[in-house]
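Input: a single structure, listed below in C-alpha cells.
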C-alpha cells in the first residue's frame, strides 16, 4: 500500500495503435503530479465496466491528459471535421466511460486540453472543431503558443490559483464552444474563447484548455496539481475500507 499522505493519481495517456497497441504517457504529466505530492499511475484503455469500477475504487484522483481529436459522429454529435486527427475508437470509448464514472463518483478530476473538452462534451457542451476556421479572427492556439487568459472572479479556479490573469501554453485546434449546467466557465482568453470549466457541485472537477504541465516549475500552474492532490488526499482519508471484490482475481470466462 502507498503512503497514505501521497494519494494515487491515475493518468490516461495516449493510445498507439497497430499490431501491438500500447499506452504512451508524456512524462511531464507524471512529473507535475509528483511535484504536487501525488503518486502517478498510468492506466491503459483496456477492460470492461467492472474493471473500470475496480480502477476508480483503487485510485484517489484522475488526470485526463491531452490527446487527439474527437470522433463526434461516434458520440452522436454530428459530422467530424475533415481536419480532425481522430482519437482511436477504443480509447475514446474508454475515456468517455472513465470520465463519466469519475465525475459521478466525485473522484477529483483534472482535465487538460482534450480532457477538458471531454468533460464539456459529456456535460452537454459543444465544440469548435477547427480553429481558426470555425471562429474567424481567432488566434492560432496550436504548436505551444503562449497567450494570456483571465480567470472569472469567485470561481474555484481563481481562488486556488490566486491570480486574475495567467500566461498559458496552448497546443490545440479544437476548443469548447459552449457549456451546459452544472458546468460553468471559469476562464477565457482576450478573444472570449473558453479556457477553463468547473463544477461547483463536485469536490474537484476542473478542466483547463491549456497545458499546465508545460509551464516552468514554480509557476502558478503547479497549484493546479497540488490542488488536485489535496482533494485526492482528502478523499483517500475519508474513503471506506476497500470492498472484498477489489482484491478478487479476475477469472477467465467459462462457457
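No value in this document is a laboratory result; all are computed from the given coordinates. Because the structure is a prediction, the values reported are computed rather than measured. Because the Cβ atoms are built from the backbone with ideal geometry, glycine has one as well, and the counts that use them run over all protein chains shown.
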Legend entry - Rg ratio (alpha-carbon, reference 2.2 N^0.38 Å) - the range 1-62: 1.21
Inset, instruction - Find the centroid of the Cα atoms in the range 139-213 and in the range 21-66, then give the distance between the two in whole Å. - result: 22 Å
Inset, instruction - In nm, give the distance between the simple-model label positions of residue 26 and residue 46, each being 7 Å from the Cα along the Cα-to-Cβ direction. - result: 2.5 nm
Inset, instruction - Calculate the translational D of the range 18-125 in whole µm² s⁻¹ from Stokes-Einstein, where the hydrodynamic radius comes from the Kirkwood formula applied to all Cα pairs, the temperature is 4 °C and the viscosity 1.567 mPa s. - result: 87 µm²/s
Inset, instruction - Return the whole-Å distance between the Cα centroid of the range 103-132 and the Cα centroid of the range 84-101. - result: 11 Å
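Could you compute how fast the range 97-222 diffuses translationally, taking Rh as the Kirkwood radius over C-alpha pairs and applying Stokes-Einstein at 25 °C with viscosity 0.890 mPa s? Give it in µm² per second. Walk me through the numbers on the way to the answer.
Details: Rh = 14.6 Å.
Taking Rh from Cα pairs, D becomes 169 µm²/s.
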Legend entry - Sum of -39500 (n - 2.57) over DSSP H runs of 4+, divided by residues of the chain (222 nm, nearest 500): -8000 deg cm²/dmol
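Given Cα positions, please report Rg to Rh for the chain, the hydrodynamic radius being the Kirkwood one.
Values: Rg = 17.9 Å, Rh = 18.7 Å.
So for the chain, dividing Rg by the Kirkwood Rh gives 0.96.
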